[in-house]
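Only one structure is covered here, and it is reproduced in the block below.
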Amino acid sequence: MDLPETKYVTVGGAQVAYQVSGDGPEDLVFCHPVGWQLDLSSQVPFDSEFIGRLRRVRRVIDFDRRGSGASDPLPLNAIPTWEEMAEDLAAVLDEVGSERTAVMGQIETGPIALLFAAMHPERVTHLILMTTTARFMAADDYPFGASRKDIDWFVELTAATWGTDDYIRLTVPSSYFDGPEAIASYARMYRASATPRSAAAQHNYFLRDIDVRSFLPLVQAPTLVLQSAVTRFLPRDHGRYLAEHLPHATLVEYPGDAPPDLETPASDIVEFLTGERPVEINRILTTILFTDIVGSTERAASLGDHSWRSLLDAHDGAVREQVRRFKGKEINTTGDGFVVSFDGPARAIRCAQGINEAMKPVGLDLRMGLHTGECEVRGQDLGGLAVHIAARIGALATSQEILVSSTLKDLVIGSGIEFTERGNHGLKGVPGSWNLFALAG
């Protein structure tokens, strides 16, 4: 997709940057939290995957509020109030000619979206609140809010580590990135969005001073509340409170500390806006990993059933931990091996490397094969020629070897992953000959 043009509108003596993209029949404006920067957002998965899905059904309006991102910076003693941030939103909508729109807020911008919906009911068709709140700090009548001690800790953490890889790992859900490159992209965008002192000052204001609970009964738009335990400041009670006090709210809670992937909340939002769930695709391009324990029959015979079962349990746990770490999807088990799919070929290779390392303390040697190709989706299973190719490649690997097809190798050029040629091979039941490569090192 071509990158949208960044434009500016003047609000309160400052210039606010905005972009318009997508060609849907209606509008959706996204109020982004601090850490967002319009011109770098396409480099992180959240924009390229999540917002990209929303652009298919709506004209999406993004903006950097005053004091952050590509908009005018402000002195630390002039952090915009949430009322002023709502003015930024109104000015951008006026500038692009949006009379009625869906409004989406996340983390500290949820109160801004709520305030705008309460003040301008005639302009808001839908309200979407992603992991946010009407108030952050605890109070006598709001016991699940954050304590002053927790807020002090977070503000100090922001001032000391904002824009670093460690800060991203601590504050961004792991399902939003897939490795060091994505973490670095987030860190780069955070640094471009605000300085550590400015980010800390903004967090200090948001966490201590925002309280829009009195506005909740005034919100007339149908509201979707998406909640997960993404940060220590936003336990599930915040989302439940919003759903209970907003007149027309639907609550969707995700297990764990974040949605399992970016597709899930995007599909929930599309269904909320259009009344239809995105059509399920029955064929996908994916990377398949096959693992197999070398000499498993002989090892089982020498150890006996009980000891072998214990060793298999350790193997299964170690493999599943690496699959979880690299965002793979377990498709099947083969008794002494796994079939796993990945939406990123480099991540699949790194997972295979991680599995090899994880087997060292377990005391088992594995052979692994990988291939990228089109697969048929059969419920929770995958089928098709690509699955058979990956299995046949895995069968040709030697102990601790990771073999890949030339298709997969070509897809990770430039990633720094190195290979050694293993020549042309015929694969049983697969037409033609296949040039295979072993992962170097």
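The values are calculated or read from the model by the stated rules, or taken from the named source; none is laboratory data. All figures in this text were calculated on a predicted structure; none of them were measured in a lab. Neighbour counts are summed over all protein chains in view; Cβ atoms, including those assigned to glycine, are modelled from backbone coordinates with ideal geometry. For the accessible areas, the whole protein counts, side chains as well, though only heavy atoms, and no ligand, DNA or RNA atoms are used. Shrake-Rupley method; radii C 1.70, N 1.55, O 1.52, S 1.80 Å.
The table that follows gives values for the structure above.
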read-out: Selection within the range 295-317 - closer than 18 Å to Gly369 by Cα and part of a helix (DSSP H, G or I); value: Ser296, His315, Asp316
read-out: From the options Ser415, Ser399, residue that is in contact (Cβ under 8 Å) with a residue 12 or more places away in the chain, within 29 Å of the chain's Cα centre (by Cα) and on the phi < 0 side of the Ramachandran plot; value: Ser415
read-out: Condition broken by Leu234, with the remaining ones in (1) among the aliphatic types (A, V, I, L, M); (2) under 20 Å from Val44 (Cα atoms); (3) open to solvent by less than 10 Å² (accessible area, probe 1.4 Å) satisfied; value: (2)
read-out: Test: residue in the range 426-439 that is open to solvent by 10 Å² or more (accessible area, probe 1.4 Å), closer than 29 Å to Ser310 by Cβ and of a type in the set (D, E, K, R); value: no
read-out: Checking Val340 against (1) open to solvent by 10 Å² or more (accessible area, probe 1.4 Å); (2) part of a strand (DSSP E or B), the condition it does not meet; value: (1)
read-out: Failed item in (1) among the β-branched types (Val, Ile, Thr); (2) surrounded by fewer than 18 Cβ atoms within 10 Å (Cβ to Cβ); (3) modelled with pLDDT of 95 or more, with Ile355 passing the rest; value: (2)
read-out: Arg148 vs. criteria open to solvent by 10 Å² or more (accessible area, probe 1.4 Å), basic (Lys, Arg) and within 26 Å of Ala243 (Cα to Cα); value: yes
read-out: Unmet criterion (only one of (1) more than 27 Å from the chain's Cα centre (by Cα); (2) within 18 Å of Asn204 (Cβ to Cβ); (3) small (Gly, Ala, Ser); (4) open to solvent by less than 10 Å² (accessible area, probe 1.4 Å)) for Ser98; value: (2)
read-out: Single match in Glu244, Glu271 (criterion: assigned to a helix (DSSP H, G or I), modelled with pLDDT of 90 or more, closer than 27 Å to Tyr142 by Cβ and open to solvent by 70 Å² or more (accessible area, probe 1.4 Å)); value: Glu244
